[in-house]
Amino acid sequence: MATTYYFLPTRNLFGEDSVQEAGTLMQSLGGKKALIVTDSFLAASGMAASIQEILQKAGVHSVVFGGAEPNPKDTNVVSGLEVFRKGNCDSIISLGGGSSHDCAKAIGLVASNGGNIRDYEGVDKSTKPMCPMIAINTTAGTASEITRFCIITDTSRHVKMAIVDWRVTPQIAINDPKLMVGMPPSLTAATGMDALTHAIAAYVSTDANPLTDAAALMAITMITQYLPKAVANGTYMKARDKMAYGQYLAGIAFNNASLGYVHAMAHQLGGFYNLPHGVCNAILLPHVEEFNLIGNANRFRDIAKAMGENIDGLSTMDAARKAIAAIRQISEQVGIPKNLRELGVKEEDFGIMAENAMKDVCQLTNPRKATREQVIGIFKAAY
């Protein structure tokens, strides 16, 4: 029987004002000068400066790199690495959502191991430990603050590289819901649907196990219940707090059970068109999982129940179909675009995107194998 690995940061903080401990925590990791990797908005809005103040109180110096773009590129990694080296940094803090966390992981990976970020595409390609890293999360979706996944766009190939390496797992993750209040409804919806995709994909993954199942099902229930509330009222702290936990549980699930074709295909949309990852996932989710139904109908029945659907007296397949209907309903509730056409996707790109999706590491654990024609068919169904 194959060995099961379980990956997670060593320390995890939750709750309002938990970010105030970032300085003493970095001190405990031995960091003396941290590179804060964030996006241009958080760098300019004062949030990065507030983290610098927290660090300074603990005697930790820092420099800000605000160049993490949405769907971070290999060029962002090169620019951030230059700031890291010029500033004589010895540690990293990522501040933001998945893009900031992934960019930070990539910078740390290359800083410690050398070469180019393209050298690390695939599974566990690094050989040296990364510098100390703390991930401070400001969105409730990607769970990149706790995972061994790092997704970077290769600008030469227009492909999102999936770098899966246990060494990029941050040592400490901070989920302070106060930092999530500023998310607009559209971002709340997109990141929340990303988290729901993580939980569902992990639950039906061929690598699922009892540990990931428990996390995935609870995540599905919490996200279904609290995402619409967080979208409706961003200042409702209970919803923000529950979404922080929900997306974290989804992260536990997919970090250890991996994902499937939703992500393998969404990565191509991000690489080709630079589209929002969470929105791509949300549009693809019901179509991919409808394709997957025959691969594990029992699991989709469980998902329907976790989403609050009444499945009493239904056959397994009828109950499973209720999960697909519930996914479509929550997408509509939170205002996700209806199809890929609305995002400007071109049908003529489906062929090459399907081929690239079949090479993506995420598809390996999909519950149903797919041919090129079937992947193109899913793109068409979502179009």
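Rule-based calculations on the coordinates, nothing more; no lab input. Keep in mind that this is a model prediction, so the values were computed, not measured. Cβ sites come from the backbone with ideal geometry, for glycine too, and all protein chains shown count toward neighbours.
Please identify the helices of the chain, taking whole runs of DSSP H, that span at least 27 Å along their own axis as judged from the Cα atoms and have a mean Kyte-Doolittle score of -0.5 or higher. Intermediate results must be reported in sequence, preceding the final value.
Details: long enough: 185-204 (28 Å, 0.80); 210-232 (34 Å, 0.94); 237-257 (30 Å, -0.28).
Taking the DSSP H segments of the chain (at least 27 Å long, mean hydropathy at least -0.5), we get 185-204, 210-232, 237-257.
Taking the average, over residues, of other Cβ atoms within 10 Å as the packing measure, peptides 100-112, 285-297 rank 100-112, 285-297 from highest down.
Radius of gyration over Kirkwood radius for the chain, both on Cα atoms: the Rg/Rh ratio is 0.96.
Regarding segment 185-381, what whole-number volume in Å³ per residue does the convex hull of its Cα atoms give?
Cα-based convex hull of segment 185-381, divided per residue, equals 101 Å³.
Cα convex hull of segment 11-180: how many Å³ per residue?
Working: hull volume 16.1 nm³, N = 170.
Given the Cα convex hull of segment 11-180, per-residue volume reads 95 Å³.
Note on the chain: GNM, Cα springs under 10 Å; of Met265, Met180, Met317, the largest mean-square fluctuation is that of Met317.
Entry note, segment 11-180: relative contact order of 27 percent, from Cα contacts under 8 Å with a spacing of 6+ residues.
Is segment 98-162 best put as rounded, prolate or oblate by its Cα gyration tensor, with a ≥ b ≥ c the root eigenvalues, rounded for a/c under 1.5, and otherwise prolate when a/b is larger than b/c, oblate when not? Mind dumping the intermediate values first?
Details: a/c = 1.98, a/b = 1.19, b/c = 1.67.
Note, shape of segment 98-162 comes out oblate.
Mean sequence separation of contacting Cα pairs (under 8 Å, at least six apart), scaled by the length of the chain, corresponds to a relative contact order of 15 percent. Packing order of peptides 142-154, 40-52, highest average first: 142-154, 40-52 (average count of other Cβ atoms within 10 Å over each peptide's residues).
Centre-to-centre, using Cα atoms only, segment 339-383 and segment 59-112 are separated by 31 Å.
Positive end of the dipole of the chain (Cβ unit charges, origin at the Cα centre): among Ile283, Val375, Gly271, the Cα lying farthest that way belongs to Gly271.
Here's the picture: charge each Lys and Arg Cβ at +1 and each Asp and Glu Cβ at -1 in the chain, and of Val60, Gly141, Ile36 the one pushed furthest to the positive end of that dipole is Val60. Between Ile220, Ile93, Ile336, the Gaussian network model of the chain with springs among Cα atoms under 10 angstrom shows the greatest mean-square fluctuation at Ile336.
May I ask which of Lys73/Lys380; Lys105/Lys369; Lys33/Lys105; Lys238/Lys322 have a Cα-Cα span longer than 22 Å here? Too far apart for the 22 Å limit: Lys73/Lys380; Lys105/Lys369; Lys238/Lys322. The Cα trace of segment 105-201 gives Rg and Dmax of 14.6, 41 Å, the first to one decimal, the second as a whole number.
I need the peptides 339-352, 359-372 ranked by packing, meaning the mean over residues of other C-beta atoms within 10 angstrom, with the highest value on top.
Ranked by mean Cβ neighbours within 10 Å, highest first: 359-372, 339-352.
One compactness figure for segment 276-374 is 1.18, namely its Cα radius of gyration divided by 2.2 N^0.38 Å.
Taking the dipole about the Cα centre of the chain, with the C-beta of Lys and Arg at +1 and of Asp and Glu at -1, give me whichever of Val110, Phe7, Met26 is farthest to the positive side. Sorting the options by dipole projection puts first Met26.
Expressed in nm to one decimal, what extension gain is obtained for the pair Ala232 and Arg372 from 0.36 nm per residue of sequence separation less their Cα-Cα distance? Display every interim value, and only then the final one.
Working: separation 140, 0.36 × 140 = 50.40 nm, distance 3.94 nm.
Value of the extension gain: 46.5 nm.
Neighbours of Val181, meaning other residues whose beta-carbon lies under 15 angstrom from its beta-carbon, give a summed charge of +1 when Lys and Arg score +1 and Asp and Glu score -1. Ignoring aspartates and glutamates fewer than eight residues from Lys346 along the same chain, the ones with Cα atoms less than 19 angstrom from its Cα are Glu355, Glu373.
Modelled this way, with points 7 Å down the Cα-to-C-beta line, the labels at Thr10 and Glu342 are 4.5 nm from one another.
Taking a sphere under 9 Å around the Cβ of His61 and counting the other residues whose Cβ falls inside, with K and R at +1 and D and E at -1, yields a net charge of +2. Across segment 272-382, Cα pairs under 8 Å and at least six residues apart give a relative contact order of 33 percent.
The distance from the alpha carbon centre of segment 236-308 to that of segment 1-48 is 24 Å, rounded to a whole number.
For Arg157 and Lys57, the difference between the fully extended length at 0.36 nm per residue and the C-alpha to C-alpha distance is 31.6 nm. Computed about its Cα centre, the charge dipole of the chain is approximately 220 debye, with only Lys, Arg, Asp and Glu carrying charge at their Cβ.
On the basis of the beta-carbon distance and an R0 of 25 Å, Ser79 and Lys32 show a calculated FRET efficiency of 0.65.
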